[in-house]
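Engineer: Take this structure first; my questions come after.
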Amino acid sequence: AGVSSVRLLPPYAKQRFSTWFKKRARLRLEKRQGRVTVFPTCLVEYQEPQIGHDLVKVYERNGIECTITDAGCCGAPWLHAGDLEQFTKIAEKNIKTLAQEVRRGNDVVVPQPTCGYILKKDYPDYVKDADAKLVAEHTYDAAEYLMKVYREEGSQLNTEFTGTIPENVTYHTPCHLRAQNIGFKSRDLMKLTGAKVKLVQQCSGIDGMWGL
């Protein structure tokens, strides 16, 4: 498959994020402050579902209703390998699904920066239609959406943090998050805890699929 034999790969989880989501106990929201479709990405769906668990818990605690999408892989592996034909097919299929969810009143939230970038930037570039633009305009990084709620008039975030709060956080900002040109929403969110946040903005070196 072209993957180095010495490359350390993340393990696969015993339970997919989508399986957990469908089985979980539903929380009754006291005050709804938003409706989102979680686009979990392959990383969260198959390998790090705990990220998705935490996202849903934080969102629902803040009155944001969560659903999940039937849209699959964003297509990054094909785009980064130069297979534009296959990438475009995947993009068209996902756009059709996500556009329907946006029309039902949902925003799309993505907890992984590469996939978020692809939905926002690459889909409109390779699928030049109104639905691609619609999906891009309603797609948010996970922290970006929370800060949107925080700053909207009439909305608020629950900032009563009961766990241990570190005094200092060193935060590595992913290249694909910086490329979205949304500012440092993750940093701003972490600063709400009272922590001092130091940014590290150098490329991690993984460079998409080439890092494998």
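The values are calculated or read from the model by the stated rules, or taken from the named source; none is laboratory data. Keep in mind that this is a model prediction, so the values were computed, not measured. Cβ: placed from backbone, ideal geometry, glycine included. Neighbour counts: every protein chain shown. Note: accessible area is taken over every heavy atom of the protein model, side chains too, but ligands, DNA and RNA are not part of it. Shrake-Rupley method; radii C 1.70, N 1.55, O 1.52, S 1.80 Å.
Engineer: Computed over the Cα atoms, what is the radius of gyration of region 1-105 divided by 2.2 N^0.38 Å, N being its residue count?
Structural biologist: On the way: Rg = 16.2 Å, N = 105, 2.2 N^0.38 = 12.9 Å.
Cα Rg divided by the expected 2.2 N^0.38 Å: 1.26.
Engineer: Residue separation times 0.36 nm, minus the C-alpha to C-alpha distance between CYS203 and TYR171: what's the value?
Structural biologist: Fully extending the segment from CYS203 to TYR171 adds 10.3 nm.
Engineer: Of LYS121/LYS198; LYS23/LYS57; LYS133/LYS185; LYS22/LYS120, which sit over 18 Å apart, Cα to Cα?
Structural biologist: Table pairs above 18 Å Cα-Cα are LYS121/LYS198; LYS133/LYS185; LYS22/LYS120.
Engineer: Follow-up. Given only helices, namely DSSP H runs of n ≥ 4 each adding -39500 (n - 2.57), what is the per-residue ellipticity at 222 nm of the chain, to the nearest 500 deg cm²/dmol?
Structural biologist: Theoretical 222 nm ellipticity from helices: -10500 deg cm²/dmol.
Engineer: Any chance you could tell me what percent of the C-alpha pair distances in region 58-212 go past 26 Å?
Structural biologist: Roughly 34 percent, rounded to a whole number.
Engineer: Sticking with this one: To the nearest 20 Debye, how big is the dipole of region 142-212 about its Cα centre, given +1 on the beta carbon of each Lys and Arg and -1 on that of each Asp and Glu?
Structural biologist: 200 debye
Engineer: If you place +1 on the Cβ of every Lys and Arg and -1 on the Cβ of every Asp and Glu, how big does the dipole about the Cα centre of region 57-171 come out, in debye to the nearest 20?
Structural biologist: Approximately 160 debye in magnitude.
Engineer: Hey, if you put +1 on the Cβ of every Lys and Arg and -1 on every Asp and Glu Cβ in the chain, which of SER18, ILE118, ILE90 ends up farthest toward the positive end of that dipole?
Structural biologist: Going by the Cα projections, it comes out as SER18.
Engineer: Could you give the dipole magnitude of the chain about its Cα centre, charging the beta-carbon of Lys and Arg +1 and that of Asp and Glu -1, in debye to the nearest 20?
Structural biologist: 540 debye
Engineer: Find how many whole Å separate the alpha carbon centroid of region 148-212 from the alpha carbon centroid of region 1-80.
Structural biologist: 18 Å
Engineer: Taking all protein chains together and a probe of 1.4 Å, list HIS80, HIS172, HIS53 from the most accessible to the least accessible.
Structural biologist: Ranked from most to least accessible, the order is HIS172, HIS80, HIS53.
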